[in-house]
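Below you'll find the structure, written out as structure tokens, and then a few comments.
Values quoted throughout were computed directly from the atomic coordinates according to the rules given, and no laboratory measurement underlies them. From a predicted model like this one, the values you see are computed outputs, not experimental measurements.
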Amino acid sequence: MRNKILRKAIGLLGGGICLFGCSIFGAKAQGTTDVFKVMNESSERHHVVRRIPEKFHITRNRLYSWVYGYRWVRDTAKHQWKWRNKTGAFGLLLQSDDRQCEVLYSAMLGGIKHRSWIENDLLNISQGQDDIRFEDHVQAVGGRKVKRRFNADSIFMLELPIEPMEQDSAVYTRCLRMYLTQGERHIDFVWFFTDEGYERRAEYMRALDGAVCYKRGRWRHKPEQVVRAEQQNRGKR
């Protein structure tokens, strides 16, 4: 009997997963503008804070694209998953000063339904097979500590298999994807580590404390409204 725990644990919430995220940082996302300024403008619209953590720096003054895996869709007639197109993330790439870690602040701020994104990550790990177990791959943390650190509800984290990649004279061999959620909203991070950095991954990830959080107080926009407004603005350019 096929294991259906993936669909039970995450749920099929409907809606699409956008290639490289649903909300880019701003009007000049593919240029060589001040990407940190553009990121701050997007963060302000989405009522979140994203600063550069201590002992990290911006690697380049342009947005970084990371292509990984596919977007998977369900073939209801054949009861199986099929890949549709390449996916991944893009945004602001930061590197630790010792070059043992990099973190991508994803442009995916306007997206909702984080469960659909986690589901797609798991399908990329299993190559479209339903027998992957959520609890074997996804670490979920919630409670007061997460609320105190990030004003968030939960952290979901899973490791994605990657080929070694060399950047700035460092070879990154391990990858973790992290979703910081509040309701159905989420802030997406992709972490890259050298072998040495992976052994100290908790230390690097604690650097987000004080640098990233959901703002307190009521957000005057609904996520769908911000996404719709930014899509309309892009259509006018």
Checklist outcome for this item: With a 23 Å threshold on alpha-carbon distance, the violating pairs from Lys55/Lys86; Lys147/Lys215; Lys86/Lys147 are Lys55/Lys86; Lys86/Lys147
Item to check | Extension gain, Arg144 back to His57 (0.36 nm per residue minus Cα-Cα distance, nm) | outcome: 28.3 nm
Item to check | When region 98-147 is reduced to its Cα atoms, the Kirkwood hydrodynamic radius in Å | outcome: 13.6 Å
Checklist outcome for this item: Whole-Hz Karplus couplings 3J(HN,Hα) for region 74-82, θ = phi - 60° and coefficients 6.51, -1.76, 1.60, Gly and Pro as x, run 8, 8, 5, 6, 9, 6, 8, 9, 10
Item to check | Amide H contacts of Arg200 (H built 1.01 Å from N, under 5 Å, at least 5 apart or other chain) | outcome: none
Checklist outcome for this item: Over all directions, region 33-143 yields a Cα convex hull whose mean projected area in nm² is 9.3 nm²
Checklist outcome for this item: Along region 193-206, Karplus-curve 3J(HN,Hα) (6.51, -1.76, 1.60; θ = phi - 60°) to the nearest Hz, with x for Gly and Pro, reads 10, 6, 4, 5, x, 5, 5, 10, 4, 4, 5, 5, 6, 5
